[in-house]
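Novice: Structure in structure tokens, see below.
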Amino acid sequence: MRLLARHAIQTVLRQENRELLGGGGAGVRQKATTGYLKLAQTAALEPEKPIQQVDQLKNSPLTDTFGRHHTYLRISLTERCNLRCDYCMPAEGVPLQPKANLLTTEEVLRLARIFVEQGVRKIRLTGGEPTVRRDIVDIVAQMKALPQLEHVGITTNGLVLTRLLLPLQRAGLDSLNISLDTLKKDRFEKITRRKGWERVIAGIDLAVQLGYTPKVNCVLMRDFNEDEICDFVEFTKDRPVDVRFIEYMPFSGNKWHTERLICYKDTVTAIRKRWPDFQALPNGPNDTSKAYAVPGFKGQVGFITSMTEHFCGTCNRLRLTADGNIKVCLFGNKEFSLRDAMRRKDVTEDQLVDFIAAAVQRKKKQHAGAVPYHPHLLLHQMTHPARLQIRNGSHLTHVNAQGKAQMVDVGGKASTTRLAQAEATVRVGEQLTQLIAANELAKGDVLTVAQLAGIMGAKRTSELIPLCHNISLSSVKVQAVLQKSTQSVHLKASVRCSGQTGVEMEALTAVSIAALTVYDMCKAVSHDICITNIRLLSKSGGKRDFHREEATQPDIE
């Protein structure tokens, strides 16, 4: 393997950028030390913090209600990627947002500065694939110029590292994570649907040559690469790298294939069959990876146990998506748009900080209602939907004991007055905003027609949604407002009935149909229209009332 990697790096460097090895590249290469590389050193005992400093942390906008102070920000620079990994996206890729929806370089750097001023000390640049950004080197350089920022890293698939790593190092890049799920060329091409395995291996060895200790991230999947576990450990024998096995996370995008999950304890057991002295290393207080090593190896191995043993209690991470949403939890579905707030002229920087603080305050104690893990229980729940419990502890109501779809019997419920409100936003852009305001579209009055369509849609919800009851509605109101400042149409529906079941689906259908109507009436001018933020605002009159705290639009009752 070592000879193959050496050949690969020589070939790629010769083809792409032979001069990378000039300018002191070899001169900064670190000498290997004897024994294994203890990347996860025991955290030094810190002196007790002064009371004033503790109070500052408690009052920081980056401290949540559970006392977790967030000093680590991951920024997605792009949605684009030059690979098509089969567990990440379909072969044809995924729909990309219009460029106008994404943060500009100036906006990325402004938000980075704001977060650093509030206490972030480490930023990792991610994607998509961040190296597809043409200005990636400049972004790193400008972030490194922020006075209080201590660390800038990058997570990459490694395809273009042989061309970019030296400029990135000169710009100040502190660390890099490289994704690699197989050490076999044919498997790499199968899972990524692209060529380039040799370039990734060459990038890893170049990183070592330039003095980095790269982290190599490997997503373990049963019946795909589990037979390479020991090969990856062997990869650390002569290289000061940190191979990190990541538990396969069954997001909805990969259809909850939980049978592919390999828990880390099983992985450790497999490794110890070959290396009985494979031992745990100390971990830092905020580490997500459980560190291990084979004595005498230059590198080490880590386990990121997102599924089996979550590390929510010490989480100090926030995420910023490419379109400017702040995510306080990778597994959470709540996002708050800093982009929209930042682009409003009447929003001050202090208000942006308040907005960030409000998002951090809503962070849950643990991700996605995480519970203590038992492999058989997890698989049982994922494969038996009738027994899958949602966050509030209740069972799903639209499946029977056999896991088949059913309509809920509401005959035993009390007849009460029930009200639901929902909203949606249609971003139409500058040209359409002007045309709608002047009522100059060929199809007529967009706002009025959308309002009528929403009312009609609410009435026919049971015909569109298979398991919804046919409800006699007493009131349907739909509001369509053109918001020139955001170049969008805001839609809000309020639906009322007196009956035995709620009307939230009718409210959601109303704003959805109204939004589609706006699109239909405007598409002759432009298809650059985005329907977004369709959500329930409130429901009342039933067993469980709901009210969205961050809803700010006025009621239309």
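Novice: Report the net charge of residues surrounding Asn225, where surrounding means a beta-carbon distance below 11 angstrom and charges are Lys +1, Arg +1, Asp -1, Glu -1. Intermediate values should be presented prior to the final figure.
Specialist: Numbers: positive: Lys184, Arg187, Lys190, Arg222, Arg260; negative: Asp181, Asp223, Glu226, Asp227, Glu228, Asp231.
Summing Lys/Arg as +1 and Asp/Glu as -1 gives -1.
Novice: Between Asp277 and Thr417, how many nm apart are label points set 7 Å from Cα along the C-beta direction?
Specialist: It works out to 7.8 nm between the two label points.
Novice: Just to be sure I understand the model, the point goes 7 Å from the Cα along the line to the Cβ. What's the resulting Phe66 to Ala341 distance in nm?
Specialist: 2.2 nm
Novice: On the full set of protein chains, 1.4 Å probe, figure out the accessible area of Cys88 and give it in Å² to the nearest 10.
Specialist: Around 90 Å² of this residue is reachable by solvent.
Novice: Further question: Express in Å², to the nearest 10, the accessible area of Thr213 obtained by rolling a 1.4 Å probe over the protein heavy atoms while all chains stay in place.
Specialist: Solvent-accessible area, nearest 10 Å²: 50 Å².
Novice: Relative to the present Cα-Cα distance, how much length would full extension add between Asp135 and Arg84 at 0.36 nm per residue of separation?
Specialist: 16.1 nm
Novice: By the scheme Lys and Arg +1, Asp and Glu -1, what is the net charge of all other residues having a beta-carbon under 11 Å from that of Val241? Working shown, then result.
Specialist: On the way: positive: Lys215, Lys237, Arg239, Arg244, Lys298; negative: Asp205, Asp238, Asp242.
It works out to a net charge of +2.
Novice: Calculated FRET efficiency, Ala438 and Asp520, Cβ-Cβ r, R0 25 Å, to nearest 0.05?
Specialist: Details: r = 19 Å, r/R0 = 0.76.
That gives a FRET efficiency of 0.85.
Novice: While we're looking at this one, here's another question. Would you mind getting the accessible area per residue of segment 461-511, heavy atoms of the protein chains only, 1.4 Å probe, in Å²?
Specialist: Numbers: 2190 Å² over 51 residues.
Accessible area per residue, segment 461-511: 43 Å².
Novice: Any of Lys99/Lys477; Lys122/Lys327; Lys122/Lys185 with alpha carbons more than 24 Å apart? Name them for me. Walk me through the numbers on the way to the answer.
Specialist: Working: Lys99/Lys477 34 Å; Lys122/Lys327 16 Å; Lys122/Lys185 34 Å.
Distance filter (> 24 Å) returns Lys99/Lys477; Lys122/Lys185.
Novice: Rounded, prolate or oblate for segment 416-543? Axes are the square roots of the Cα gyration tensor eigenvalues, ordered a ≥ b ≥ c, and the cut-off for rounded is a/c under 1.5.
Specialist: Working: a/c = 2.52, a/b = 2.19, b/c = 1.15.
Prolate shape, in that a/c is at least 1.5 and a/b is the bigger ratio.
Novice: Here's a follow-up. Ordered by residue, what ³J(HN,Hα) values in Hz, to whole numbers, does segment 277-285 give under the Karplus form 6.51 cos²θ - 1.76 cosθ + 1.60, where θ = phi - 60° and Gly and Pro are x?
Specialist: 8, 4, 10, 6, 10, x, 10, x, x
Novice: Over the heavy atoms of His70, what accessible area does a 1.4 Å probe trace out, to the nearest 10 Å²?
Specialist: Ignoring ligands and nucleic acids, His70 comes out at about 0 Å².
Novice: Considering the zone a paramagnetic label at Leu464 would reach in this model (a point 7 Å from Cα along the Cα-to-Cβ line), which residues of segment 510-544 have amide N under 15 Å from it?
Specialist: Output list for this probe position: 510-521, 531-532, 534-536.
Novice: Give, in nm to one decimal, the length gained when the segment between His527 and Ala358 is fully stretched (0.36 nm per residue of separation minus the Cα-Cα distance).
Specialist: Once the chain is fully extended between His527 and Ala358, it gains 57.4 nm.
Novice: Still on this structure, I have one more. Counting Lys +1, Arg +1, Asp -1, Glu -1, what net charge surrounds Arg133 among other residues with beta carbon under 12 Å of its beta carbon? Each step should come with its number before you reach the end.
Specialist: Working: positive: Arg80, Arg134; negative: Glu79, Glu129, Asp135, Asp138.
Around Arg133, the charge tally is -2.
The values are calculated or read from the model by the stated rules, or taken from the named source; none is laboratory data. Computed from a predicted structure; not experimentally measured. Please note: Cβ atoms are built from the backbone with ideal geometry, for glycine as well, and neighbour counts cover all protein chains shown. Only protein heavy atoms, including side chains, enter the accessible area calculation; ligands, DNA and RNA are left aside. Shrake-Rupley method; radii C 1.70, N 1.55, O 1.52, S 1.80 Å.
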